[in-house]
Every structure is written in structure tokens, then in C-alpha cells.
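Note sheet for the following structure.
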Amino acid sequence: MAELTLMDPQQLYELWERQQWSSHTIDLSQDREDWARIGEPEKANLSWNLSSFFVGEERVTTQFTGLVAAFESQGEEAFLTTQQVDEARHAQHFNRFYEQVLQVDGTFEDRLARAREDLNVAFIELFDVHLVQACDRLMADRHDREAKVDFITTYHMIIEGMLALTGQFFLTDYCEKQAILPGFLEGFRNISRDEHRHVAYGTWYLQQAARDPGLKARIREKLFELIPLAAGVLIPTGQDPENYSILGYSPEETNGYAFTALTRRCNLIGISLTPEAAVR
């Protein structure tokens, strides 16, 4: 089968220029009214989802510098700088929502600390250990292609392509069905559009890298290392790992969506996620 031609970094940069939005011009007044009348159990469920995204956006913003420095062309440099700006803008959207709607007082850092209280152990390990270590390796040597492949696999395939896009789909679906939080949803849809652009870059890069058999094997190995951890991130804090739901959606729905999305992108890269492939 012929390799599918994907948008390259220059084309993705040009797309970024056409898809601008501002996190600070979104009207959150209806969101404040909605939040005031939401029941406590529903607030607790929503808070876990919101906290995962808020802290996640801050983590990827601060841990992206190594990849920006590892650019291999001017088009890639231009696109990667836009992605770091995007992640900062996403974090700004959540900070503003926490301040104005959830009414968490203090500084940006105070609100992040509050959001961190909702996170589970798997989230901390993925974002504070694996992602940080991947960034540190690139910061130590921006010409280390294996380190770059590890970072992009961790970030673009697992964190964004598997977790973020899954969470965005189900949280958006929930809020739409409940007809709540229109300002949040406006920004969240913009964030989702940005993330699809980011994942498109990661898929493009890994497709090129996978032409090297050694790097292809490395991508597969990193995926199989992190998929079980990522599945743990999707378990809400405090719920039974064997019997949980996310805003009423079953593990079969959320895990199925996440794995299907990841598999589709891996197919574009040229990597199989079947168990047999893991041992080859």
C-alpha cells in the first residue's frame, strides 16, 4: 500500500495562521450561572476532567522547549513554535475558567495546585516523569533523533492523540447533551482543533522516522510501554479501577475510542498495534 501523504510542518504552520482565536475574549457569564446550579456530584465529576486538562496543558507548555530546539527545517521550526504558543493559550483558557467560573482564588499557580489535587498516580507518572524525562533528553542533545522520536511518541501519540482527543470528545459530548457551559465549550472546541493540528504534525514526523527500521521499532516499543499507563490516566481519581465511568460513559466507550484513534494514526505511520507486533 502506498504511503499516505500527510500535511508537512510548513503547511501546518500556514493552517495555524488561518485558525487563530483568543482565550480572553470568550464570554463566560452563562457558564457562571450554569456552574452555580450544577449539583455537587456532577461538579466533582466535571472537576476531575477539567483538572486533567488544566494541568496537562501547563505540563506540555513547559516541557515543549526541547522539541522546539530540535527542529530540522525552517518549516518545522515555525510550526513547533506555534504549538508551544497554542499550549500556553490552552492553559490560559483553563486558568480563566477556574478563576471566573469555578471561582478558585489566588494566582495561576494556586489554581494549578488546586487542580493537581484531583489527579491520579498514573497521570503524575506520565506527565511528571515520562514527559519530563523525554524533554530533558532533548534539552541535553537536540540532535538526538532517538530522543526526538521518544518525545513525539509520548506527547503527540499518547498524550494528545490518545488521551487529550478522547477526553475532548466525551467532555464536549457531555456538555452539549446537558446544554451547559457554552463559553467553556467555545474555547474547548478551539483547543480540540489545535490539538488535531498538533497530532497531524506528530503523525507526519513519525511516518518519516519509521522509514528507518530501528526508529520504527523504537516507536512501537515506546507505544507498548506507555499504553497501559495511559489507560490508567483515564480512571477518575477515587473510583474503582474495575468499575468506573467518566461522566456516565463506560470504560468500554472511552478506552475503545482512545485505542481506535491511536490505531488509526499508527496505521498512517506504518506501525501495527496488534499483540503479535509487540514481540517482533
The range 231-267: number of residues that are without any contact (Cβ under 8 Å) to a residue 24 or more places away in the chain and either in a helix (DSSP H, G or I) or touching a Lys or Arg at 6+ places or on another chain (Cβ under 8 Å) (or both): 7
Residue identified as part of a helix (DSSP H, G or I), surrounded by 17 or more Cβ atoms within 10 Å (Cβ to Cβ) and modelled with pLDDT under 95 among Leu171, Leu165, Leu131, Leu138: Leu165
Per-region count, the range 200-253, residues out of contact with any helix residue (DSSP H, G or I) (no Cβ under 6 Å at 6 or more places or on another chain), within 21 Å of Ala134 (Cα to Cα) and polar (S, T, N, Q): 1
Residue count for the range 210-246, restricted to those that are modelled with pLDDT under 95, of a type in the set (Phe, Trp, Tyr) and under 18 Å from Ala261 (Cα atoms): 0
Condition broken by Ser192, with the remaining ones in (1) surrounded by fewer than 22 Cβ atoms within 10 Å (Cβ to Cβ); (2) within 17 Å of Thr62 (Cβ to Cβ); (3) within 12 Å of the chain's Cα centre (by Cα) satisfied: (2)
Residue among Leu50, Leu46, Leu15 that alone is within 30 Å of Gln207 (Cα to Cα) and either modelled with pLDDT under 95 or among the hydrophobic types (A, V, I, L, M, F, W, C) (or both): Leu15
Tally of residues being closer than 18 Å to His196 by Cα, among the hydrophobic types (A, V, I, L, M, F, W, C) and either in contact (Cβ under 8 Å) with a residue 12 or more places away in the chain or crowded, with 21+ Cβ neighbours inside 10 Å (or both) across the range 84-97: 2
Out of Ser29, Ser23, sole residue that is out of contact with any helix residue (DSSP H, G or I) (no Cβ under 7 Å at 6 or more places or on another chain) and in contact (Cβ under 8 Å) with a residue 24 or more places away in the chain: Ser29
Leading residue by the ranking (surrounded by the most Cβ atoms within 10 Å (Cβ to Cβ)) among those in the range 98-128 that are in contact with a helix residue (DSSP H, G or I) (Cβ under 8 Å, 6 or more places away or on another chain) and β-branched (Val, Ile, Thr): Val101
Number of the exception - Gln74 against (1) modelled with pLDDT of 95 or more; (2) buried (at least 16 other Cβ atoms within 10 Å of the Cβ): (2)
Output for the range 14-31, where each listed residue is part of a helix (DSSP H, G or I) and in contact with a Leu (Cβ under 9 Å, 6 or more places away or on another chain): Gln30, Asp31
Exclusive hit being more than 16 Å from the chain's Cα centre (by Cα) and surrounded by 15 or more Cβ atoms within 10 Å (Cβ to Cβ), set Leu223, Leu234, Leu247, Leu262: Leu247
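The values are calculated or read from the model by the stated rules, or taken from the named source; none is laboratory data. Keep in mind it's a predicted model, so treat the numbers as computed, not measured. Ideal geometry is used to build each Cβ from the backbone, glycine not excepted, and the neighbour counts take in all protein chains shown.
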